[in-house]
Amino acid sequence: FILLADRFLKEDGRMALVLPATVLRIRSCEGIRRLWAEKYHIEYIITTWHRSAFSESVRFREILLIARKFRPTNESKTIIAILKRLPSTLTEAREMADAIRKSQTDWEDDKIVVKVRNYSELIADTGNWFKYIAVSDLSLIDLLEELLKSSKLLPVSEFLPKYGAEILRGVETARGGKVQALTISRPERAIKREDVWVIRGIQKEFLEVEDRYTKRKLKIPNDAVVPALRRISLIDKIDITNYLDYIVIDKFPSIREFFTTSVMEFKPPQNFWNKWRPYVKNRLSHLALVRRADLSAPGTCLLAFYSETQMAPPGVAWSIKIDKENAKILALWLNSTINILQALIYRKETRGAFLQLDEYTVKEMRVPDLSKLSKGETDRLRDMFDSIKNTRFPSILEQLKMKHKPRRLIDKMWLKILGYENDLDVFLDRLYTSLAREIELLKELMKEKIIEATYTGII
């Protein structure tokens with residue numbers, strides 16, 4: 001429709017569109033954003049946190065976008081407007097529209113928050129326009145941009161080749177067979193019906209497992225399994241070396257009995273093991289980064305996990321292949337509040353508080369340039385990792401609300417390294433409060449969608 005509208009629109013004409021917010025972020029729409037950047041002046045991007053969408057019965061967030069077919073000048077501005085609530089009358093709607101239209105500088109009242117951006121900023125980076133509306137508190141965007149200017153940070157896309165690192169999606173559920181039928185979980189993480197086999201003992205040569213329904217026990221040779229993570233929910237420690245699940249990668253004497261359970265029966269297709277074994281082994285790493293998670297969920301405690309023993313993360317996480325010592329430093333950064341804010345702003349919009357970090361979004365994010373850290377900074381980071389690696393973290397939302405002490409230690413360390421010079425405690429108190437509010441707001445929007453879906457018969 002946008003491409004067709006472009007053909008019909010005369011020079012100096014305008015298009016006004018109600019669009020899913022994903023058009024500002026997802027890679028498949030970057031061509032549209034480049035078209036706008038080359039031929040149009042995006043005058044207004046308007047959204048609301050009062051409800052998820054302007055349209056009825058829509059489950060994903062929407063925006064209003066107004067673009068003028070006009071070659072922008074260096075002075076051209078884009079007005080980003082967040083409606084705190086929707087107008088209740090036509091008169092109020094006109095008043096709010098006039099207030100937005102007349103905006104020359106940033107302002108806020110009880111109805112609207114307005115941020116005036118140079119349009120050259122949008123033209124310079126068509127990869128992500130969603131970041132301008134990713135949070136309701138637009139000052140958080142400026143805050144993040146200021147912190148990420150540090151010369152001690154670089155994009156993941158530059159970090160990977162510089163340090164011989166690699167990022168791969170974890171073991172996917174549908175890849176080559178059912179992961180559930182091949183996974184042996186820690187008893188405390190066996191929370192779903194299909195989590196049949198649990199670990200009962202780890203010996204030098206074999207793994208003792210038990211069917212948690214029938215209590216039948218088996219011994220699996222260690223060379224037929226590798227350490228893994230079944231899911232990222234309910235994991236509350238940064239260092240998961242002693243809390244790993246396992247995944248079967250090869251046949252063993254009692255394999256048929258293992259696959260025949262009271263819940264499911266799995267029959268590997270022909271040549272399954274020849275493909276499955278290298279696929280899983282290629283994903284073994286010391287560091288896992290969450291790819292998709294609900295930031296508001298009580299079981300979401302951390303965004304990254306480290307293991308002394310290489311493990312295979314699940315499909316809802318990324319496997320980051322890098323040496324152990326540097327993995328520890330990255331684990332601290334990826335679990336910092338700075339990175340939570342970064343992930344929230346760089347994310348691909350999905351549903352409410354669900355965080356989704358696709359590969360292209362991860363590669364745009366900033367991480368520490370390890371060569372720019374002094375020996376003293378590196379030593380302090382490793383000492384800090386050792387001091388908190390076994391700390392149990394509550395949910396991310398709870399950490400922010402209670403201003404969790406271990407989180408504060410991590411954040412203070414990184415802020416000092418990045419050269420932040422103001423009062424760290426005042427800064428972090430404000431950041432925690434603002435971020436907690438953002439996550440709770442997203443949670444409320446998600447509730448709205450579930451209620452709406454139920455009402456319309458979707459659920």
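The values are calculated or read from the model by the stated rules, or taken from the named source; none is laboratory data. Small disclaimer: the values here were computed from a predicted structure and weren't measured. Every residue, glycine among them, receives a Cβ derived from its backbone with ideal geometry; neighbour counts consider all protein chains shown. The accessibility values were calculated without ligands, DNA or RNA, using every heavy atom of the protein model including side chains. Shrake-Rupley method; radii C 1.70, N 1.55, O 1.52, S 1.80 Å.
Quick look at the numbers
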quantity: Subset of region 295-331 that is touching a strand residue (DSSP E or B) at 6+ places or on another chain (Cβ under 8 Å) and among the acidic types (Asp, Glu) - its residue that is farthest from Leu160 (Cα to Cα); calculated: Glu308
quantity: Residues (within 24 Å of the chain's Cα centre (by Cα) and open to solvent by 70 Å² or more (accessible area, probe 1.4 Å)) located in region 373-427; calculated: Asn390, Arg392, Glu398, Lys401, Met402, Lys405, Leu409
quantity: In region 108-138, residue farthest from Ile439 (Cα to Cα) [restricted to those that are of a type in the set (S, T, N, Q) and touching a residue at least 60 places away in the same chain (Cβ under 8 Å)]; calculated: Thr126
quantity: Number of the condition not met by Ile238 [criteria: (1) in contact with a helix residue (DSSP H, G or I) (Cβ under 7 Å, 6 or more places away or on another chain); (2) modelled with pLDDT under 95; (3) of a type outside the set (Ser, Thr, Tyr)]; calculated: (2)
quantity: Meets criteria (of a type outside the set (Val, Ile, Thr) and at pLDDT below 95) for Tyr346; calculated: yes
quantity: Subset of region 187-202 that is closer than 18 Å to Ala312 by Cα and not β-branched (Val, Ile, Thr) - its residue that is surrounded by the most Cβ atoms within 10 Å (Cβ to Cβ); calculated: Trp197
quantity: Failed condition for Ser185, given (1) in contact with a Ser or Thr (Cβ under 9 Å, 6 or more places away or on another chain); (2) modelled with pLDDT of 90 or more; (3) within 30 Å of Gln270 (Cα to Cα); (4) small (Gly, Ala, Ser); calculated: (1)
quantity: So Thr361, is it β-branched (Val, Ile, Thr), in a helix (DSSP H, G or I) and farther than 22 Å from Arg291 by Cα; calculated: no
quantity: Among residues of region 77-94, those that are surrounded by 14 or more Cβ atoms within 10 Å (Cβ to Cβ) and more than 24 Å from His41 (Cα to Cα), counted; calculated: 3
quantity: Filter pass, Gly170 being of a type in the set (Gly, Ala, Ser), under 21 Å from the mean Cα position of the chain (by Cα) and closer than 30 Å to Phe266 by Cα; calculated: yes
quantity: Lys324 vs. criteria basic (Lys, Arg), within 29 Å of Val280 (Cβ to Cβ) and out of contact with any Lys or Arg (no Cβ under 8 Å at 6 or more places or on another chain); calculated: yes
quantity: Single unsatisfied condition, Ala97 versus (1) modelled with pLDDT of 90 or more; (2) of a type in the set (A, V, I, L, M); (3) open to solvent by 10 Å² or more (accessible area, probe 1.4 Å); (4) under 22 Å from the mean Cα position of the chain (by Cα); calculated: (4)
quantity: Complete set of residues in region 114-136 that are touching a helix residue (DSSP H, G or I) at 6+ places or on another chain (Cβ under 8 Å) and open to solvent by 40 Å² or more (accessible area, probe 1.4 Å); calculated: Ile123
quantity: Filtered residues of region 101-113 (kept if surrounded by 12 or more Cβ atoms within 10 Å (Cβ to Cβ) and either over 18 Å from Glu75 (Cα atoms) or at pLDDT 95 or above (or both)); calculated: Trp107, Glu108, Lys111, Ile112, Val113
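For every residue, the table says whether it meets (1) without any contact (Cβ under 8 Å) to a residue 24 or more places away in the chain; (2) touching a helix residue (DSSP H, G or I) at 6+ places or on another chain (Cβ under 6 Å); (3) more than 21 Å from Ser307 (Cβ to Cβ); (4) open to solvent by 60 Å² or more (accessible area, probe 1.4 Å).
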| residue | (1), (2), (3), (4) |
| --- | --- |
| Glu166 | no, no, no, yes |
| Ser185 | no, no, no, no |
| Lys204 | yes, no, no, yes |
| Arg212 | no, no, yes, yes |
| Lys217 | yes, no, yes, yes |
| Pro227 | no, no, no, no |
